[in-house]
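The values are calculated or read from the model by the stated rules, or taken from the named source; none is laboratory data. All values reported here derive from a predicted model rather than from experimental measurement. FYI the Cβ positions are ideal-geometry reconstructions off the backbone, even for glycines, and counts take in every protein chain you see. Just so you know, the surface numbers come from the protein's heavy atoms only, side chains and all, with ligands and any DNA or RNA stripped out. Shrake-Rupley method; radii C 1.70, N 1.55, O 1.52, S 1.80 Å.
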Amino acid sequence: MPIASNSGITMEELQLGGRNHSLPLEGLKHAITPIGMHYLLTHFDIPLVEAETWRLEIGGLVAKPLSLSLDDVKARPARTLPVTLECAGNGRALLEPRPLSQPWLEGAVGTAEWTGTQLALVLEEAGLAPEAVEVVFTGLDRGIQGEVEHAYERSLPVAEALRDEMLLAYEINGQPLPPQHGFPLRLIVPGWYGMTHVKWLRSITAVDEPFTGYQQGTAYHVRDSEEEQGEPVTRIRPRSLMVPPGIPEFLSRTRFLPAGPCLLEGRAWSGWAPVERVEVSANGGETWSEAALDEPLSDFAWRRWTYEWDAAPGEYELCCRATDQAGNVQPLGQEWNYDGVCNNSVQRVKVVVSES
Ligand SMILES: Nc1nc2c(c(=O)[nH]1)N[C@H]1C(S)=C(S)[C@@H](COP(=O)(O)O)O[C@H]1N2
Ligand SMILES: [Mo]
C-alpha cells in the first residue's frame, strides 16, 4: 500500500464525509438516481419520526392555521416530478484553500422522482395574510453551527413559495422517504440548491419580515470573508458531469481504456434556465466540441448528453461544460468564496488511453 497522501483532509471533514455521501459518478448512467445512490447531506442528526404521532403545523400569518397528519397530506391531490437536487457546496473540496465543511468533490447531486402535494394549495387553504412576505420551513432536527443552537430552518419569499412546482413530498422514486432523506415529509424546491429542500418538516410559518435564522441569514452566502454579508445562495448554476470512461485505478481513480471509439456520456442541468448546450474537451479545456443532447426529464431535471470520442493512445484530461438558455456557462476555474458554495467549474477526468 502507498503511504499517506498529503491532501490535508482533517478528522472533522472525514467525520462529515463518512456520514454524508455523494453520487458515485457511474450513477449518472441512471436517468433517475436509485435511492441509495442519491447524494446525502444532513447537518445534524437524522431524527427518528413516528408517522402516527407526527403533525405538520401551518401557522403564523394565516387566516386558518392547519395541523395535518401524514394521512391528511397524502389525501390531498398528488403530483410526481423528476427533480435534480444539488448541494450548494458541491465542488468545495477542490477549492484552494479549502473551506472547512463537508468536503464534496463533484458528486453532490442526484435526480429523483418526488411525489407529494403542492405547497401552494396548502398555503391557499390556510390563507396567507396580505402582510406575509416570507414562509419559513422548520425541520425536526436541531444542532449547533457557528456557535448558534437552532432547528434546521430556511425560508422562501411568498412569490417563490406559491410557485406551481413546489412540493411537500412524502415519496422518492415511488417509496416512502427513507429516514435520511426526510421521513415523513420534506420540501422540494425545484431549481434551487439543496439547502432549501428542508427535510423532516415540522412546521410552515408565514412571517412579515425576511427570516434571519442561521441557515438563512448567516450560512449559504457567496462572500469573501466571514465579516461580509454577501449574496444569498438561491438557484443552481449550470453544471455538467460525465461518467468517467474506462476502468479506474483503485486509489488515484485515474481511468484506463483502450484506443478506439469511446462514447462519453453524462448529465447536465441548471436551475436558472434549460441547458441548451454541452461541450466536451479532451485537452483540459483548450479546445471544445459539441456534445449531443437528449430531452430533459422535466423542466427541473438534468438532460443526458453524449459525445463520440475517438481515443488515440496518450494521456488526457477530459472536461465537459454546460451552457443554459440564460447564457450562464460553467467557468474553467474555481471562483473561491468563504462558504465554498455555488462552485460550478468544469469537471476534469484524467484518462490514460493504451494501444488496443
Ligand atoms: N431538516 C434538514 N433539511 C435539510 C438539511 C438538513 O441538514 N436538515 N440539509 C439540506 C442540504 S444542505 C441539502 S444539500 C439537502 C440534501 O438532501 P438529501 O440528503 O435528501 O440529498 O437537504 C437539505 N435539507
Ligand atoms: Mo447542501
**Q.** Karplus 3J(HN,Hα) series, Hz, for region 90-105 with 6.51 cos²θ - 1.76 cosθ + 1.60 (x for Gly, Pro)
**A.** 3, x, 4, 6, 8, 6, 10, x, 8, x, 7, 6, 3, x, 5, 8
Q: Show that you can apply the helix-only estimate: for the chain, add -39,500 (n - 2.57) for every DSSP H stretch of four or more residues, divide by all residues, and state [θ] at 222 nm to the nearest 500.
A: -2000 deg cm²/dmol
Q. Given region 189-337, what whole percent of its Cα pairs are spread farther than 19 Å?
A. 64 percent
Q.
Compute the distance from the alpha-carbon center of region 155-203 to that of region 300-356, in whole Å.
A. 29 Å
Q: Could you please put Glu57, Glu134, Glu153 in sequence from largest to smallest accessible area, using a 1.4 Å probe?
A: Glu57, Glu153, Glu134
Q.
So for the chain, averaging the separation of alpha carbon pairs under 8 Å that are six or more residues apart and normalising by length, what relative contact order in percent results?
A. 18 percent
(Q) So for region 239-354, averaging the separation of alpha carbon pairs under 8 Å that are six or more residues apart and normalising by length, what relative contact order in percent results? (A) 33 percent
Q.
Based on alpha-carbon centroids, what's the gap between region 259-294 and region 226-241 in Å, whole number please?
A. 23 Å
Q.
Per-residue counts of other Cβ atoms within 10 Å, averaged by peptide: what ranking do you get for 37-48, 104-115, 9-20, highest first?
A. 104-115, 37-48, 9-20
**Q.** Of Gly260, Gly139, Gly27, the one that fluctuates the most in a GNM where the chain has Cα springs shorter than 10 Å
**A.** Gly260
Q: Would you tally the net charge around Glu276, using a Cβ to Cβ cut-off of less than 12 Å, leaving Glu276 out, and scoring K and R as +1, D and E as -1?
A: -1
Q: For the chain, please report how many Lys pairs fall under 29 Å Cα to Cα, leaving out neighbours fewer than 8 apart on the same chain.
A: 5
Q | Net charge of neighbours whose Cβ lies under 13 Å from the Cβ of Arg237, counting Lys and Arg as +1 and Asp and Glu as -1 | A | -1
